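A.B. asks: Starting off with a structure, shown below.
The values are calculated or read from the model by the stated rules, or taken from the named source; none is laboratory data. Not measured: the values here are computed from a predicted model. So basically every Cβ, Gly included, is an ideal-geometry build from the backbone, and we count neighbours across all protein chains shown. Ligands, DNA and RNA are stripped out before the accessible areas are found, and what is left, the full protein with its side chains, is counted by its heavy atoms. Shrake-Rupley method; radii C 1.70, N 1.55, O 1.52, S 1.80 Å.
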Amino acid sequence: KKKKSFFEEISKDEECCIKYVKEVLRGFNNCAAKLQEKLKFWNTSYQPIVSQDKDTFIRRYQKTQRSLTIVGQDIHRYKEVQREIHEEDPKVVIDFIETDFTPLKVELMNHCVQWQKKLTDLLNDNAKTEMNKVLEYFETTTATFLSPIEDMDDLKNRVHLLEQARKDDEDMENRITPIEAKYAKLAEFEFVPPDEELSKKAQMRPAMEKFRDTTLVEAEIRINKEKKKMKAGLEQDLAAFGQGIRDVKTDFSKQAPYKAEGHTCESAFGVLQNYKNMMEAKRKGEADFAPKLELFGIDSANYKELEWVDQEMEKLNTLWEVRQAWEHEKDTVLQAKFRTLVTDDLDEMAMQVQGKIRKLVGKDKGVGMWPAFQDLKADLDVFRNMIPLIQNLRQESMRERHFNVIIKEVNQHFDPKSDSFTLQQVVDLQLVNHADLITRLADDAKKEAKIEGGLRDIEKVWATMTIDVKEYKGGAYTLKSTEELYQSLEENILALSSFKSSQFYLPFATKVEYWEKTLANISEVLEAIQNVQRAWMYLENVFRGSEDIRPHLPEESIMFDNVNDGFIEMLKRIFDEPLAMKACSHPRMLETLNGFEKLLDKVQKSLNDYLEKKRQTFPRFYFLSNDDLLEILGQARDPELVQKHIKKCFEGVKNLELQPPAQNRRWESIGLIGPDTEKVKLVAAVKLEGPVEIWLGSCEKAMIVSLRAILVKCHNMNMTPKARKDKWVKEFPGQLLITSGQIKWTTECTGALQKMEKQQKNALRMVRRGQS
């Protein structure tokens, strides 16, 4: 019987199969991990050699211009890496798998060889380029030195080239040695250049020796020979150039625009421009000589004539520029409207120009002697002298009468107020020759303007000044505040008076006299109105406020009524038309007011005579004012209204104790009431009828009789022994108590003194004891 294989036997054991499968898979996983680590080693160690772009790297490497030592180190580094790769074992057994890295090693080593070739090629290119430059320098410089010298510039360039060649020769060893070192480094890395390149390398040092010993020596000999020839010609040219400069100075001194005569600004600038062109040509010639002089070691000449001409040209150019600007500004001003000129601006304009020419003289006092300068200065002085004339002509206070005087003087008509009048016309009319007359007229105009302005102010004030009239009782009117009116009148009248005292008063004489009369009339009318109003208001209360006075003064009442009607009508007219100028200008107004005042004076005198009669009848009326007395007389029928005046007539009496009238009876006074409300009964009641001065006199008599009777009773009770003082005090008026007490004290003291004369020494003591 055939024996079964291991696979057939083992396949029967499923668990065993699964176990071995797991073990195999685990082995593969371990091998894969170890293989990955080996691949990671190759990647991390040599990956930059493969991944980096070689051409890009070499281009950057060339720009850095690294030293020969560093380049050699970089080539050695790639050789060392190649060696390391070569020494790596290509076959590696990982568990049950054998790996072979030989293809990878071969590829990496090829990359290292490529890197070495790139670097050696770069080193060879650099060495060849520098070697070609050296050989080319020897060839081109030698050819230049052997060529003929054409002119001064060529000679100069040849001298500079010789100097530079000597400097280059000193440094030539430092240029050739690095080139040879580079070729030696290439040989070290077994790099063999082409034969042609090696042949050029072998020629560098012989070429250097020939250039130094032959070319430079011959070049110096040829240059020195040419120098001698050209120096003689240069000296002749310098002499001719110097003479040409002196000729320019001489010509400039004669032809330059030092004088304004025969020159305009344009022609002067043209002359200066011609000389400027000449000077530029001379300066250019001087500049052209400078390198030639330097070449032959000749000191540059100092051409003082050029400097002098330049300075003179600069000063002349500045002077004529100032003149040109001034003439332009002056022409503009001369053609401008005369009435628009601002003298401050004109003066400022002239001062600025003067400042510029003064600055020019400050730099060189000789400029002040130039005719062109003196002409400009004179023109400025004339213009500035015209400014006061312009100010006077443009003065606002100048009137037609003043200009007529000037027109008559110059015998030519002009209108300084018109748009066509310009400063040029002022010049043409030669008004500057009449400056004194115009100045005097302008001064007069200023002073006259003060009068004119004052009159204008007065007109303005009185064009709106009103009389303040307000409504009064009963359809009447009264004049109120007049303070502003009188203040304006006082100020304006005083101003008019000062105008008349001025020597410049005549042109305004008519107006001044008109306003004097007008304001004087207003002042008199206002004063008359106030006088009449004062009397009218006082008498109006007498003749209109009470009918009791009119029967006693019938003629005066008629006179007052006439005044009253006329005055009310006059004030109503002023109320309707309050402007002072119109209100006070009615015909015969002042005469009417004076008539009113006289009539009211008569009425007042008659009223005063009437009141005097009343006072003579009852003298205590002298204690009262006319107003109080008139009020009493007007209210005589009502004693209660008279009560408030009682205290003025009788000291210590405030009121009368009145008893109202019953049927068929009149008012009666039954007692007196003091300021402290103390009352005193009259012995007999007084009938208050008839004229007030009569019944007040009756009251006075009743007071005397009653107080005498009460005083007797008061004193009798005071003298009664053992009388009760409290009852005595309460029963009688205070003034009578005092009077009685004084009488008693005097009587007792007199008796005691008489007793003391009779040797009763304790009499006064007894009296004192009794009084206490």
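A.B. asks: Check cross-link reach from Lys725 to the lysines: straight Cα distance under 22 Å, and skip same-chain residues fewer than eight apart.
C.D. replies: Once the sequence-local lysines are set aside, what remains near Lys725 is Lys679, Lys681, Lys713, Lys744.
A.B. asks: Determine which lysines satisfy two conditions relative to Lys511: a Cα distance under 20 Å, and not lying fewer than 8 residues away in the same chain.
C.D. replies: Within the straight-line cut-off, Lys511 pairs with Lys446, Lys447, Lys450, Lys460, Lys500, Lys582.
A.B. asks: Just how large is the dipole of the chain about the Cα centre, in debye to the nearest 20, putting +1 at every Lys and Arg Cβ and -1 at every Asp and Glu Cβ?
C.D. replies: Numbers: 121 positive and 128 negative charges, 1255 e Å.
It works out to roughly 6020 debye.
A.B. asks: Subtract the Cα-Cα distance of Asp74 and Arg724 from 0.36 nm times their separation in residues, and report this length gain in nm to one decimal.
C.D. replies: On the way: separation 650, 0.36 × 650 = 234.00 nm, distance 15.88 nm.
Length gained, Asp74 through Arg724: 218.1 nm.
A.B. asks: At 0.36 nm per residue, and after removing the present C-alpha to C-alpha distance, how many nm does the segment from Thr56 to Glu569 gain when stretched out fully? Walk me through the numbers on the way to the answer.
C.D. replies: Working: separation 513, 0.36 × 513 = 184.68 nm, distance 12.65 nm.
Length gained between Thr56 and Glu569: 172.0 nm.
A.B. asks: Further question on the same structure: With the cut-off at 23 Å, tell me which of the pairs Lys598/Lys644; Lys473/Lys605; Lys654/Lys687; Lys249/Lys330; Lys605/Lys647 have Cα atoms farther apart than that. Could the numbers behind the result be given before it?
C.D. replies: Numbers: Lys598/Lys644 34 Å; Lys473/Lys605 25 Å; Lys654/Lys687 19 Å; Lys249/Lys330 34 Å; Lys605/Lys647 28 Å.
The pairs that break the limit, which is 23 Å between Cα atoms, are Lys598/Lys644; Lys473/Lys605; Lys249/Lys330; Lys605/Lys647.
A.B. asks: How high is the relative contact order of the chain, in percent, counting Cα pairs under 8 Å that sit 6 or more residues apart? The partial results should precede the final answer.
C.D. replies: Details: 579 pairs, mean separation 42.5, N = 772.
Averaging sequence separation for qualifying contacts and normalising by length gives 6 percent for the chain.
A.B. asks: At a probe radius of 1.4 Å, what is the per-residue accessible area of Leu641, in Å² to the nearest 10?
C.D. replies: 80 Å²
A.B. asks: Mind running the shape call on the range 686-735? Use the C-alpha gyration tensor, a ≥ b ≥ c as the square roots of the eigenvalues: rounded below 1.5 for a/c, prolate if a/b tops b/c, oblate otherwise. Before the final figure, lay out each step's value.
C.D. replies: On the way: a/c = 5.11, a/b = 3.50, b/c = 1.46.
Taking the square roots of the gyration eigenvalues as a ≥ b ≥ c, the range 686-735 is prolate.
A.B. asks: Let me ask another. Is the range 190-274 best put as rounded, prolate or oblate by its Cα gyration tensor, with a ≥ b ≥ c the root eigenvalues, rounded for a/c under 1.5, and otherwise prolate when a/b is larger than b/c, oblate when not?
C.D. replies: On the way: a/c = 11.15, a/b = 3.03, b/c = 3.68.
It is oblate, given that a/c is not under 1.5 and a/b is not larger than b/c.
A.B. asks: Given charges of +1 on the Cβ of Lys and Arg and -1 on the Cβ of Asp and Glu, with all other atoms neutral, how large is the dipole of the range 690-772 about its Cα centre, in debye to the nearest 20? Intermediate results must be reported in sequence, preceding the final value.
C.D. replies: On the way: 15 positive and 6 negative charges, 144 e Å.
Dipole about the Cα centre, nearest 20: 680 debye.
A.B. asks: Could I ask something else about it? When we measure straight from the Cα of Lys91, which lysines land under 21 angstrom away, once same-chain ones fewer than 8 places off are left out?
C.D. replies: Cα-Cα hits under 21 Å: Lys34, Lys38, Lys40, Lys105.
A.B. asks: First compute the accessible area of the chain with a 1.4 Å probe, then give the percent of it belonging to carbon and sulfur atoms.
C.D. replies: Working: 24260 of 47190 Å².
Carbon with sulfur: 51 percent of the solvent-accessible area.
A.B. asks: Taking a probe of 1.4 Å, how large is the accessible area per residue of the chain, in Å²? The partial results should precede the final answer.
C.D. replies: Values: 47190 Å² over 772 residues.
Ligands and nucleic acids excluded, the result is 61 Å² per residue.
A.B. asks: A further question on this structure: Please give the peptides 687-700, 336-349 ranked by average Cβ packing (other Cβ atoms within 10 Å per residue), highest first, as a rough proxy for protection. It would help to have the intermediate numbers written out before the result.
C.D. replies: Values: 687-700: 18.0, 336-349: 14.4.
Top to bottom by mean Cβ count within 10 Å: 687-700, 336-349.
A.B. asks: Can you tell which of Ser585, Ile738, Phe596 lies farthest toward the positive end of the dipole of the chain, using +1 and -1 charges on the Cβ of basic and acidic side chains (Lys, Arg; Asp, Glu)?
C.D. replies: The residue sitting farthest along the positive end of the dipole is Ile738.
A.B. asks: Now for a different question. Quick one: go through the range 253-289 and flag any residue whose amide nitrogen is under 13 Å from the point 7 Å out along the Cα-to-Cβ line of Leu306.
C.D. replies: Label zone hits: 278-289.
A.B. asks: Here's another thing I want to ask about it. Is the range 385-435 best put as rounded, prolate or oblate by its Cα gyration tensor, with a ≥ b ≥ c the root eigenvalues, rounded for a/c under 1.5, and otherwise prolate when a/b is larger than b/c, oblate when not?
C.D. replies: Numbers: a/c = 1.16, a/b = 1.07, b/c = 1.09.
Rounded.
A.B. asks: Tell me what the chain gives for mean residue ellipticity at 222 nm when only DSSP H runs of n ≥ 4 count, each as -39,500 (n - 2.57), the sum divided by the residue total, rounded to 500 deg cm²/dmol.
C.D. replies: -25000 deg cm²/dmol
A.B. asks: Distance from the Cα centre of the range 512-561 to that of the range 350-425, in angstrom?
C.D. replies: Spelled out, the Cα-based centre of one part sits 68 Å from the other.
A.B. asks: Show me the ranking of peptides 480-491, 350-361 by mean Cβ neighbours inside 10 Å, starting with the highest. Write down the numbers at each step before the final one.
C.D. replies: Details: 480-491: 13.5, 350-361: 15.7.
The densest-packed peptide leads the list: 350-361, 480-491.
A.B. asks: Could you tell me which of Ile149, Trp695, Thr478 has its Cα farthest along the dipole of the chain towards the positive end, charges placed at Cβ (Lys, Arg +1; Asp, Glu -1), taken about the Cα centre?
C.D. replies: Projecting each Cα onto the dipole axis, the largest value belongs to Trp695.
A.B. asks: Could you tell me which helices of the chain pass both thresholds, a Cα extent of 27 Å or more along their own axis and a mean Kyte-Doolittle hydropathy of at least 0.5, with helices taken as whole DSSP H runs? Could you put the intermediate results ahead of the total?
C.D. replies: Details: long enough: 14-51 (52 Å, -0.36); 68-87 (29 Å, -0.85); 102-146 (66 Å, -0.42); 152-188 (53 Å, -1.14); 216-255 (56 Å, -0.74); 265-296 (46 Å, -0.47); 304-335 (46 Å, -1.17); 343-363 (30 Å, -0.60); 371-393 (33 Å, 0.15); 435-464 (43 Å, -0.47); 509-543 (49 Å, -0.14); 554-576 (33 Å, -0.24); 589-617 (42 Å, -0.96); 692-719 (40 Å, 0.69); 734-757 (35 Å, -0.18).
Qualifying helices: 692-719.
A.B. asks: Just one of (1) 91, 77, 64; (2) 98, 78, 66; (3) 190, 138, 79 is Cα extents along the principal axes in Å calculated from these coordinates, so which is it?
C.D. replies: (3)
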